1. Looking at this structure, is B:Glu148 open to solvent by 10 Å² or more (accessible area, probe 1.4 Å) and more than 14 Å from chain A (Cβ to nearest Cβ)?
2. Looking only at region B:128-145, decide whether some residue is part of a loop (DSSP other than H, G, I, E, B), more than 17 Å from the chain's Cα centre (by Cα) and either within 10 Å of chain A (Cβ to nearest Cβ) or at pLDDT 90 or above (or both).
3. Only residues that are in contact with a helix residue (DSSP H, G or I) (Cβ under 8 Å, 6 or more places away or on another chain), under 30 Å from A:Phe146 (Cα atoms), within 14 Å of chain B (Cβ to nearest Cβ) and at pLDDT below 90: list them for region A:294-330, please.
4. Quick test of your reading of the structure: B:Lys177 fulfils all but one of (1) in contact with a Pro (Cβ under 6 Å, 6 or more places away or on another chain); (2) exposed (fewer than 13 other Cβ atoms within 10 Å of the Cβ); (3) not hydroxyl-bearing (Ser, Thr, Tyr). Name the failing condition by number.
5. For region A:249-293, give me the residue count where each residue is within 14 Å of chain B (Cβ to nearest Cβ), under 18 Å from A:Gly162 (Cα atoms) and among the charged types (D, E, K, R).
6. Which of the residues belonging to region B:85-114 are part of a loop (DSSP other than H, G, I, E, B), more than 14 Å from every other protein chain (Cβ to nearest Cβ) and surrounded by 22 or more Cβ atoms within 10 Å (Cβ to Cβ)?
7. Spot the failing condition for B:Asn142; the list is (1) over 22 Å from B:Gly222 (Cα atoms); (2) in contact with a strand residue (DSSP E or B) (Cβ under 7 Å, 6 or more places away or on another chain); (3) open to solvent by less than 10 Å² (accessible area, probe 1.4 Å), and only one is missed.
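The values are calculated or read from the model by the stated rules, or taken from the named source; none is laboratory data. Because the structure is predicted, anything quoted here is derived from the model rather than measured. Note that each Cβ is placed from the backbone with ideal geometry, even for glycine, and that neighbours are counted across all protein chains shown. We work out accessible area using only protein heavy atoms, side chains counted, and drop any ligands, DNA or RNA first. Shrake-Rupley method; radii C 1.70, N 1.55, O 1.52, S 1.80 Å.
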Amino acid sequence: MVKRKFNPAFKSILFLILAGGFLMPPVRADDVIALKVGTLLKGNGEALKNAMIIIKDGKIEFVGVNYPVPKGTNILEFKESVATPGFIAANAYLHISPETKEVFTYSREDIYEYRIEKIPALNEERSETTPEMNLLYSIDPHSEDFARAWRSGVTCVYLAPGNLNVYNGTGTVLKTWGQSPQNMAVRNMVQIKVTLGEEPAVGTGGRGSDPDLHTRRPQNRMGVDSIFRQALIDLQNKSELPDSQLNPQELLFRKVLRGEIPLRIRARSYVDIKAALRYGEEFGFKWILEEGVDAYKYLDDLKNKNVPVIYGPVYRPKGRFDFNSENDFYRAQTPILLAKKGILFAFQNDSRSPISALRDEAIYAVKLGLDEESALKALTFHAAKILGVEDRIGTVEKGKDADLLIFSGDPFSPSSRLEKVLINNKILDPNK
Amino acid sequence: MYGTAKMRKTRLEIFLYSSLVISLFAALFAGGAEKGEALLIKGAKIYTMGPQGILSGANLLIEGGKIKKIIEGQDWPQAQVVDYSGKCIIPGLVDAHTYISGYYRLLENSQVVTSDLVALAAFDPLSPEVDEALAAGITTANLCPRNENLVGGITSILKLSKDPRNLFLLKKEGFLKISFAKDVERDDRAPTSLMGAKEMLDELMKNGGNQGDRKEIFQERGILKLAKGELQPLIAASNYEEINTALQWLSDWKKKGVIVGGEEVYRFGEELHQKEVSILLSPFLFGYPDRIFEKASSLLKLGVKIAFVSNLPEGEASGLRTSALLLYHQGIPQEEALKTITLYPAQILGVESVVGSLEEGKDADFVVFSGEPLDLSSKILAVYSSGHLVSK
């Protein structure tokens, strides 16, 4: 009998594996969720077959193929399914507050035509410059729209005050499931929302009719331009004052000028994108383009200035704003052009398209030629990057929040069904 | 039908060689041109509006959107040639007072004094008026706030283009628009009369000039610039008393200015010349155009700078050419009549070093007519702006 000798290298590996098994932190069975899925799309472009995901205290503990699960742990198996990170709506319009409000708006071509629209977000109309507004505590966490969001796979949304001011307020990144807004919040006051164009002129009186007591600025784009620049120029004039002598509003603007807080500029029309590019050059702040359906006109400029684009929605009734047949084609192609150019982009919904259409936006873009990897990144990793929360959500990696979706098949096939939604520690069934 | 591999190879070779040759030529002759392309406009009768006068059968060589040379009777072999033999060319028209992109976009009627507004913010390159203006040969426009505010804001002088990416500004801040016109008087707020308007403006200038310990108000930034002399006033005034008030105000504050409207400007003569006030006339909004042109010609003979404006979209873009034609009928020479819609407005706007006439180094903006420009039967064949065909 020949004495079998172990190779020393093999020995050490064996030892390491054994030691690792013993030294690993003891994981108790009751607070651990173990998942086995057929395919895992991590969100950062990587994919893993027959993956195992261990979740502990709402955080991802392990992502890989094999893990020594303690005895008694219930392993959820989805052998045929595809898991992805939870989708992030980089800008969402939800009916977050029980009150909704009817306001007059007007179309771009015909200013005489007034129509009534429900504005789901909150507007503080005492002034046009209200960047210090924060809507976190005005949110009803049991609003029906949050349930609609997670039922369609959106586990995280960015919410900001409404569009009727020039500086509307700061936005919040929220999970769509939770008991209170404080506990849903991923990060508060991440960006300052700015609306360019003619929307801030709604509700300022006047507009065509004779001005009266309630008429105030802005009545049109010139007024918006002046209000936008006034706030920043006023602050530039106070550059010698220390932080302690500024009020909260001025402090926010100072942070904008220092590049600590980016501006989220809503510019639906190419005119307003051009204006935003001009302001960016004039003041040198960091900014993000929101509702950039006309972004295809300024791809080079946006790339040079490193401006991320939040795109959408395509799904909306025709003829609402300025859709016409010529632009429709390019607008639909915009995600593909953005991906080709290497511009960071994400999807969004708006007041007319439901939050459940977010996945449909991506499916539509994929159908038109966007590669699935970019589409998934736009829904997850890149959206988190634009919101500045990529350290917590956006991909399936160790240490990140356990926001996961489990699809019956390819997430970009309309026939695939969403089977389970995980937000933090909570397993939700969207089909109940 | 696709060729064999060999054919493809030769094709590739031909392509490579030709591109090499083209790039060599471009490198040798382009000399800083935009795309290494030169354009030769051949054989036309050119109304240069400059010192060269009228050149017949001359060639315009254009490179990088600018006029490189005006060559008489000579070809330029490296350029792409466009033949306009027998046609007439005049510089691109300059419209010194327009409301392009809409009425309400240029009227911020929440306050009476909105001197910080810049008209550029209201400009929409895809609005139908841009098409209308380009089709009529207008390549440079001064975008102005409306007359309804006492101080409406700052005008922007820009080259018109339908492409939103190529917005080319000649001056972001051109003039400060001030209005003494009837529109500014209203019952429900000050000023309710012309006297009040002048008084209010005097007050503003006084405060703008010597601030003292008064905090600067953002809405008065334009006034401040006017007081410092960084901006010139562009005053809307049409009746005798309005023009008189405007002239008085100008001499009170020792400013040179431009008056727009000018319906009854013929009642002033030598005075305008002495005060170096230029006049922008919008002829087709008035009841008696004949009288206007008669007096306009006499003012021109006195040496007052006159330019015709369209007031788009209130007026017609084609009104510029018709105005020059009616002036020609009053016995003004053709070239002089054409200058009132090209060189003079450019001089009034202070952009004559770039546009307004066809000279070497200036922008290649021009309009090609099928016959004499002041012949109603000749039509516009092409409009070029910075060397690009913008309307046909």
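1. On the way: open to solvent by 10 Å² or more (accessible area, probe 1.4 Å): yes; more than 14 Å from chain A (Cβ to nearest Cβ): no.
In short, no.
2. There is no residue in region B:128-145 that is part of a loop (DSSP other than H, G, I, E, B), more than 17 Å from the chain's Cα centre (by Cα) and either within 10 Å of chain A (Cβ to nearest Cβ) or at pLDDT 90 or above (or both).
3. A:Asp294, A:Phe323
4. (2)
5. Residues meeting the conditions: 2.
6. Residue satisfying the conditions is B:Gly92 alone.
7. (1)
Every residue, every condition in (1) farther than 28 Å from B:Ser101 by Cβ; (2) open to solvent by less than 10 Å² (accessible area, probe 1.4 Å), yes or no:
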| residue | (1), (2) |
| --- | --- |
| A:Leu246 | yes, no |
| A:Leu252 | yes, no |
| A:Lys255 | yes, no |
| A:Ile265 | no, yes |
| A:Phe283 | no, no |
| A:Gly292 | no, yes |
| A:Leu302 | no, yes |
